[in-house]
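Nothing in this text is a laboratory measurement; each read-out follows from the coordinates by a stated rule. Just so we're clear, the structure is a prediction, and the values are computed from it rather than from any experiment. Neighbour counts are summed over all protein chains in view; Cβ atoms, including those assigned to glycine, are modelled from backbone coordinates with ideal geometry.
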Ligand SMILES: NC(=O)c1ccc[n+]([C@@H]2O[C@H](COP(=O)([O-])OP(=O)(O)OC[C@H]3O[C@@H](n4cnc5c(N)ncnc54)[C@H](OP(=O)(O)O)[C@@H]3O)[C@@H](O)[C@H]2O)c1
């Protein structure tokens, strides 16, 4: 099952999964975008299940897992790609938006893992794939709420991975860099009045390819994209340089 499959990385992962011969349940909050993903998948209806769900809703999460259990009888891989961003100064980030971003990027993922685990425990080569971000390893200005939610997801994933070892369930944490998707136009908050265009990023298909290689090699963690690898490396040895550089980019941004 792949959440956030209505576009971007989730859709690319769904296409890769079908090309690898898997049956896939695709889920998203937006029924029209989910339909577009379904139309792009070269697979029979028996091998694809579309589930429209707002995963911040407890009942919707449970219904999602119930549908998979009742109709397919099990679950082998859960990919949590649903997510949202909020861009702008922390002082401009409304308390409700801060909570919402934690709900989408952290609580709904953690709670979906919780209710999926009994099915995964009986799955074949069971695996959870959590799509975090390079901002889940290094905080950057203008993304305070998003960074907090992705750090929470990264920490949760590392802890859960170790807990799942005795059950044979793997957990792959993915930290992508900037990726060319509609993410920037679907933010839940943007106080900068700048359009966030991610056209310099890597293609979502490239992220999906790396994820599948990571799945096959049973990797624990993947940093995807040159920008992500560079930033995480630089932060390990020169964190104050990264602070200055990121702060400088914000000043340039607001002057434009
Ligand atoms: N693009 C990047 O540069 C980048 C970099 C690093 C990590 N990521 C992460 O990669 C993941 C995929 O992002 P993307 O770039 O592919 O963007 P995307 O195309 O916007 O995909 C995210 C999907 O999640 C869905 N979603 C949001 N809230 C949801 C909810 N409450 N319930 C169910 N689905 C919900 C969105 O639906 P709606 O839009 O209809 O609400 C959207 O279809 C996210 O977790 C993101 O944080 C992205």
TODO: Please determine, in degrees from 0 to 90 and to the nearest 10, the orientation of helix 239-255 with respect to the longest principal axis defined by the Cα atoms of the chain, where the helix direction is its Cα long axis.
DONE: 80
TODO: Measure nothing but the geometry: give the 0 to 90° angle between the long axis through the Cα atoms of 204-216 and the longest principal axis through the Cα atoms of the chain, rounded to 10°.
DONE: 60
Open item on the list: If you average the C-alpha positions of region 215-239 and of region 5-37 separately, how far apart do those two centres end up, in angstrom?
Closed with: 25
- [ ] Round to a whole angstrom and tell me the spacing of the C-alpha centers of region 172-194 and region 81-111.
- [x] 12
Open item on the list: For the chain, take the longest principal axis of its alpha carbons; what is the angle in degrees between that and the long axis of helix 58-72, to the nearest 10 within 0 to 90?
Closed with: 40
Open item on the list: If you average 1/r across every pair of different Cα atoms in the chain and take the reciprocal, what Kirkwood value do you get, in Å?
Closed with: 18.6
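At a 10 Å Cβ-Cβ cut-off, how would you order 192, 200, fewest neighbours first?
On the way: 192 16, 200 9.
Lowest count first: 200, 192.
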Task: Tensor-based shape of region 113-256 (alpha-carbon gyration tensor, a/c under 1.5 rounded, otherwise prolate or oblate) - done: prolate
